[in-house]
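Here the structure comes first, spelled out in structure tokens, and everything after it is commentary.
Rule-based calculations on the coordinates, nothing more; no lab input. What you see is a predicted model; the values in this text were computed from it and never measured. Ideal geometry is used to build each Cβ from the backbone, glycine not excepted, and the neighbour counts take in all protein chains shown.
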Amino acid sequence: MARAKEFTVTIEDKPGALGKCFRALADRGVNILAFQSYVEEGESLTRFVADDVNIAREVLGGMRMIFEVTDVATVRVAHKPGELARAAGRLGENHINIDYSYCGMEPGSTEGLLVFGVDNVPKAATVLDELAAKS
């Protein structure tokens, strides 16, 4: 799984808004595998990877949320020191620029899920697949 669909959602920057969005997803059985949220220019921008892309689209659309879905590169790595450095280093060695990154964990797994927004998703996916195969 070196590629995944990522949601980028614009959420009001007010108490409870993020919780309301994630509650609506949870109520429909959508599990968030990794996420990042930050405030920029008075709005909360949230990126996340969900286990059910289609239901997540339905939920966000039904809430009239402003969102987009894009491809990101992902890799599962052991939860130990140096794994993030190894993955980021391999991308750099292959001249792939990382625009942003975050991590999470899939249910039932002991491995971390690293998510990379990069300038070349197909190439990054190949590099990260190779990295995961060597682990």
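A compact table of results
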read-out	value
Efficiency of FRET between LYS14 and GLU68 - r from beta-carbon atoms, R0 25 angstrom, step 0.05	0.70
Spatially proximal lysines relative to LYS80 (Cα-Cα < 16 Å; intrachain offsets below 8 disregarded)	LYS134
Rounded tilt (10° steps) of 53-62 against the dominant C-alpha axis of the chain	30
Computed [θ] at 222 nm, helices only, for the chain once each DSSP H run of length n ≥ 4 contributes -39500 (n - 2.57)	-10500 deg cm²/dmol
Distance in nm between pseudo-label sites at LYS134 and ASN97 (7 Å out along the Cβ direction from Cα)	2.5
Contour minus Cα-Cα distance for ALA85 and ILE32 (0.36 nm per residue)	16.7 nm
Shape of segment 3-69, Cα gyration tensor, a/c cut at 1.5	prolate
Overall form of the chain per C-alpha gyration tensor (a/c, 1.5; a/b vs b/c)	prolate
Karplus 3J(HN,Hα) series, Hz, for segment 14-29 with 6.51 cos²θ - 1.76 cosθ + 1.60 (x for Gly, Pro)	8, x, x, 5, 5, x, 5, 4, 5, 5, 4, 5, 4, 4, 9, x
Cα-centred dipole magnitude for the chain, charges only on beta-carbon of K, R (+1) and D, E (-1), debye, nearest 20	300
Cβ-defined net charge surrounding ILE11, 10 Å radius [Lys, Arg +1; Asp, Glu -1]	-1
Gyration tensor (alpha-carbon) shape descriptor, segment 71-134, a/c threshold 1.5	prolate
In degrees, nearest ten, helix 121-134 long axis to first principal axis of the chain (Cα)	60
